[in-house]
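Undergrad: Pasting a structure below so you can have a look.
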Amino acid sequence: MFLKADGTQVWLRSSTRLPYLSLVGAIETSESYDVIRSRLSRAYEMFPGMASDDAFLVLEAEGSKLVFCARPDKVCALLFLGKFTLAGDKQRIGLLESCFELMVNSVNEISLRVGATIHFEVVQSELASQA
């Protein structure tokens, strides 16, 4: 985590102003973080340089990214970077429902690939610390 001047901690650092939405929780397993990290590395591309700990690119679409961050203490976060818009048939459902569906599907996929339960406890907007 990066410590900002106002005392808050954030997951990302950026040279530009970068707001994002984070879902913060934990990876629930008795396995070591090294095992979890190895599985994440095989399943997803590393997203280096922006996060204080490990970051993995889960999804990339036009102008947006979904990034999964994890720390050795098994605290984790799913980060929504950029703008998420509706496209195609999804316009029949609302944006909030579409984002929720994306979140649930992504968490289920990550859980399967890691072989552990991921439990989120906090949803908050954050502003990346300035690099």
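Throughout, read-outs are computed from the coordinates displayed, never taken from laboratory work. All values derive from a computational prediction rather than experimental measurement. Here Cβ is always computed from backbone atoms with ideal geometry, including for glycine, and neighbour counts include all displayed protein chains.
Undergrad: Using Cβ counts within 10 Å as a stand-in for footprinting exposure, how do D73, D54 rank, fewest first?
TA: Numbers: D73 10, D54 20.
Result, fewest neighbours first: D73, D54.
Undergrad: So how do L23, L57, L79 line up by other beta-carbon neighbours within 10 Å, fewest first?
TA: Final ranking by Cβ density, sparse to dense: L57, L23, L79.
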